[in-house]
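Okay, structure first, notes after.
The values are calculated or read from the model by the stated rules, or taken from the named source; none is laboratory data. These numbers were taken from a predicted model, which means no experiment stands behind them. Using ideal geometry, Cβ is built from the backbone for each residue, glycine included, and neighbour counts are taken over all protein chains shown.
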Amino acid sequence: MDISRHTDKIAIVTGAGSGIGRATAIRLAAEGASVFACDVNEVGMQDTKDEISSQDGQCVVIACDVTNQLDVDRLVSQVGSRIDILANVAGIMDHFLPLGEVDDATWDRVMNVNLTGVMRLSRAVLPMMITQGGGAIVTVASKASLSAGAAGVSYTTSKHAVIGLVKSAAYFYGPKGIRSNAVLPGPVETNIGTTATPLSAWAIERAGLSMATMPPAAKADQIASVISWLASDEASNVNGSVVSADGGWASA
């Protein structure tokens, strides 16, 4: 950990109430950033802030539903006149429902959180980053961004689409000093919650063929460390990249 890596940087971290989002907020703060942590889980966010404060870090918590445009606008306005880093971490699973069994409510919810929320927050910070001459957007995608078998149809589709969004932003805004990259975790010890509970017996059995090659679950901070590096000046020539952090699962 480089305690000066993000000195004087302003960072927004979504999904900061638990898991990779919490680990990212804690790491960025420990490395010098002033962190604005957002989540729908207000109790979890407060725990994140308390841990950052115990290490003399700077953290402001803001309740925000990334699927709600008004919440996104309010979040960005509360941050102020500068945003150097956006870490899009918030995400949910889809109960491993395959195409023939997925219901509209599951599809819409997963797409709204995993894809549209990323779009809305990324879109919201761009004007400020353009004005200030640069910034870094790091988005958590998934091993499921490159293949099937790690989740159901909604999650897999949303994470494939996130890669397109990340690359499009990199292409169009790279000349303005804004970098957009993706991190693709495999299994991670997180609290992604009940949305990971399988609801289709045969589909999870089929997914088991892929999961047979799955490595042990990573610690959340192992993913946070990759996010931190991609957001840093050390990665100044890295733009539009898809960085696997899945313990080698994708190469199996």
I'm checking my understanding of the structure. Among residues of the stretch 242-252 that are part of a loop (DSSP other than H, G, I, E, B) and either over 22 Å from MET1 (Cβ atoms) or of a type in the set (D, E, K, R) (or both), which one is modelled with the highest pLDDT? ASP246
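Residues are listed down the side, and each one gets a yes or a no for (1) without any contact (Cβ under 8 Å) to a residue 40 or more places away in the chain; (2) under 21 Å from the mean Cα position of the chain (by Cα); (3) over 25 Å from PRO198 (Cβ atoms); (4) buried (at least 18 other Cβ atoms within 10 Å of the Cβ):
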| site | (1), (2), (3), (4) |
| --- | --- |
| ALA105 | yes, no, no, no |
| ALA124 | no, yes, yes, yes |
| MET129 | no, yes, yes, yes |
| GLY133 | no, no, yes, no |
Determine which member of the set ILE163, ILE227, ILE204 is surrounded by 13 or more Cβ atoms within 10 Å (Cβ to Cβ), in contact (Cβ under 8 Å) with a residue 60 or more places away in the chain, within 14 Å of the chain's Cα centre (by Cα) and more than 23 Å from ARG82 (Cβ to Cβ). ILE163
If you check LEU86, LEU115, LEU70, LEU99, which single one turns out to be within 26 Å of VAL162 (Cα to Cα), under 14 Å from the mean Cα position of the chain (by Cα) and surrounded by fewer than 24 Cβ atoms within 10 Å (Cβ to Cβ)? LEU115
Just checking, which of ALA161, ALA217, ALA203 is touching a Gly at 6+ places or on another chain (Cβ under 9 Å), at pLDDT 85 or above, within 23 Å of VAL113 (Cβ to Cβ) and among the small types (Gly, Ala, Ser)? ALA217
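Conditions (1) of a type in the set (Gly, Ala, Ser); (2) farther than 25 Å from GLU42 by Cβ; (3) in contact (Cβ under 8 Å) with a residue 12 or more places away in the chain, marked per residue:
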position: SER77; (1), (2), (3): yes, no, no
position: GLY80; (1), (2), (3): yes, no, yes
position: ASN88; (1), (2), (3): no, no, yes
position: GLY91; (1), (2), (3): yes, no, yes
position: GLU101; (1), (2), (3): no, yes, yes
position: ASP108; (1), (2), (3): no, no, no
position: MET111; (1), (2), (3): no, no, yes
When LEU70 is evaluated against the numbered criteria (1) touching a Phe, Trp or Tyr at 6+ places or on another chain (Cβ under 7 Å); (2) of a type outside the set (Asp, Glu); (3) without any contact (Cβ under 8 Å) to a residue 24 or more places away in the chain, which criterion, by number, is the only one it fails? (1)
